[in-house]
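Here is the structure we will look at, set down as structure tokens.
Derivation of every value follows stated rules applied to the coordinates shown; laboratory data play no part. Predicted model only: the values in this text are computed from it and were never measured. Neighbour counts are summed over all protein chains in view; Cβ atoms, including those assigned to glycine, are modelled from backbone coordinates with ideal geometry.
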Amino acid sequence: MYQFKELYTLDFSKVNYINEVHQIIKNELDFPDYYGMNWDAFWDCLTDMVSDPIHIELIGVERVQNKFPRHAKIMLDTLKELKHWNNNKYKEQIKIEIVIGEARYEIS
């Protein structure tokens, strides 16, 4: 549970179902077995992680946006909110990047 890593990579480039998105999140972010596979649980588990620096890279976000646009928006909004959570207390230790080919776009 919450094993610290220098970099967490969430690769959504081959997802076909929304449950696959949550399974990737659960596995790669090392969320606990009781992770509820929904966006409220995503927020709860993310905020439990912020005692350590967090660097997340998102690969295949465009696939999630095409297949599940509402879910993609919630996921990205949640990650953006995490950057500013608790009056920006953890902003400097949280880095979230969307990777498209060779380009990297940081969520701020």
Roughly what % of DSSP beta bridges within the chain run antiparallel, to the nearest 5?
30 percent
At least 24 Å along the helix axis (C-alpha) and Kyte average at least -0.5, DSSP helices within the chain:
none
Using amide H atoms built 1.01 Å from N in the peptide plane, name the residues 5+ places from residue 11, or on other chains, whose amide H lies under 5 Å from its own.
59
The chain: radius of gyration over Cα atoms, expressed as a fraction of 2.2 N^0.38 Å:
0.99
So, for the Cα atoms of the range 40-81, Rg and Dmax in Å stand at 11.4, 33
Could you calculate the contour length gain from residue 11 to residue 92, that is, 0.36 nm times the residue separation minus the distance between their Cα atoms, to one decimal place in nm?
26.8 nm
Integer Hz, Karplus 6.51/-1.76/1.60 couplings in order for the range 93-104, x for Gly and Pro:
9, 10, 10, 10, 10, 9, 10, 10, x, 8, 8, 10
Can you pull the one-decimal nm distance between simple spin-label points at residue 102 and residue 28, each 7 Å off the Cα toward Cβ?
2.2 nm
